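The values are calculated or read from the model by the stated rules, or taken from the named source; none is laboratory data. Small disclaimer: the values here were computed from a predicted structure and weren't measured. Heads up, the Cβs are rebuilt from the backbone with ideal geometry, glycines too, and the neighbour counts pull from every protein chain shown. Ligands, DNA and RNA are excluded from the accessible area calculation, which covers all protein heavy atoms including side chains. Shrake-Rupley method; radii C 1.70, N 1.55, O 1.52, S 1.80 Å.
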Amino acid sequence: MTIILHVDFNSYFAAVEQQANPRLRGKPIGVTGGDRIKRTVLGAASVEAKRFGVKTGMLEWQAKQLCPQIILVQGDSDKYLETTKRFLNILKCYSPYLEVFSIDEAFMELPNNKSEARNPKYETISNVLNPNVQNVLDFKNLNLEFVSDFDIRISNFANAVRIALDIKSRIKSEIGEWITCSIGISYNKLMAKLAGSLQKPDGLVVIPNQEEAIKVLDKIELDEICGIGPRIKKRLNNMGIFDFQTLRQASLQSLLASFKSYGQILYNMARGIDYSKVMPFYEKEEVKSIGHRHTIDHDTDDPLEIKQILLKLTEMVARRLRAKNLVGKTIHCWYRSALHPPGVVTFSHPEGGFTGNGMQITIQCTNDGLDIFKTAWKVFRNLWGGEKIRMVGVSISNLRSQIPQNLSLLPEIKKTEIITKVLDKINDKYGEFTLQRGIMISLNNADNCNRRSRVFRVTSL
Ligand SMILES: [Mg+2]
């Protein structure tokens, strides 16, 4: 039987800052991206700040309005990475099947009997447990509200609960007493992550089986599950689906028709089914390149318009890199002309009779959208003869993992990384391009002056 733990720190950046500086403890604090942008957003808010309604992603002045006494602390990515490393070292004691999901989240599959037999290190898992925790374990005191009629003591989950409590106590003693995490335990990743989100801070929730999973699903909103963002929620709402009960009544056929292959995932979600595997980093599929292209719905030779499209594409490429914890070196930019332009040297594209051109440049490892854009734009300007174009694309290859050793030590670059992380978090939560770089906003304004309406379709490669 598969048992998966999802461990997620509460108000991570803020808690790490409060751990490092005891004077900040118990006080509402916000972690900012630094002083590079004037109106910065909060990368994290402490539990105390959240009580005033302050949320991650708010602008500083909004946070100050809700909570005038909020203390703003500049983020320090080194500190967070160091803490994450220590936390992962604790988790490694319990299982080799560990997937790092983000800087403050990880999935862990407990070794089953078969793997225990293969790996003697995990055979005596109960020996590594803190004996105090094992002895005082009082299941009645655990707030397992969603599994009230389920006797955890006689289930396979009892050991997982012990491990979860052990992890919590080791985090407190080895990382810091101010650092807490919520742990969700379940039979698959999706349900483990959901369980972990049900109780914050310092939560511990078990969803032991599909029957209980469906009970939980029927109590929550559609977008409370990982995998249903605002756009999918809206599309489901348009189909008359507002909760998981109704989603379960939708036929697989209709979901496939509306969402293509994602329809199957939504169909499974509503039933608490998830086949995704815990992917230890060493087993992660190798991604060879990441790219996006955009087919414009009209022919254009307007450099501003092309620049704007490239900016969006490069931001998307960069976000995908960061989501996969990758950096890349080789940037390829290409375009397709609308017509055979007379007198322009291009190589001919066999498909569709279009001509186009493309070239690549290798730079220093990056996952920053602006870096990628600058290179892609340079390539484009070198290639482009000023003819009308129909499609433009950008990709990055020569990829490698973004491991802490690869991170830059230059303070300017570290600041950019924090800002980027904050941008990603907000855009993940509120949708692509909720927050944009200043240069993109100015281009959007220029674009509005054009009063030309156009559809922005993006094809993922
Ligand atoms: Mg968290």
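Residue-by-condition table, conditions (1) among the hydroxyl-bearing types (S, T, Y); (2) within 16 Å of the ligand (Cβ to nearest atom); (3) open to solvent by 10 Å² or more (accessible area, probe 1.4 Å):
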| residue | (1), (2), (3) |
| --- | --- |
| S182 | yes, yes, no |
| E211 | no, no, yes |
| I214 | no, no, yes |
| K233 | no, no, yes |
| L236 | no, no, no |
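Only residues that are open to solvent by 40 Å² or more (accessible area, probe 1.4 Å) and either assigned to a strand (DSSP E or B) or more than 15 Å from G369 (Cβ to Cβ) (or both) were counted across region 316-333, and they come to 3. Just one of the numbered conditions (1) open to solvent by less than 40 Å² (accessible area, probe 1.4 Å); (2) without any contact (Cβ under 8 Å) to a residue 40 or more places away in the chain; (3) not in a helix (DSSP H, G or I) is not true of L194: (3).
Let's see how each residue does on (1) touching a helix residue (DSSP H, G or I) at 6+ places or on another chain (Cβ under 7 Å); (2) assigned to a loop (DSSP other than H, G, I, E, B):
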{"residue": "V161", "(1), (2)": "yes, no"}
{"residue": "R170", "(1), (2)": "yes, no"}
{"residue": "G184", "(1), (2)": "yes, no"}
{"residue": "E211", "(1), (2)": "no, no"}
{"residue": "C226", "(1), (2)": "yes, yes"}
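List the helices (runs of 4 or more DSSP H) that sit entirely inside region 45-113 and contain at least 1 residues that are exposed (fewer than 14 other Cβ atoms within 10 Å of the Cβ). Full working, then the answer.
Values: elements: 47-50, 60-66, 77-91.
It comes to 60-66, 77-91.
Examine region 264-281 for a residue that is open to solvent by less than 50 Å² (accessible area, probe 1.4 Å), part of a helix (DSSP H, G or I) and of a type outside the set (A, V, I, L, M), and state whether such a residue exists. Yes, that holds for at least one residue.
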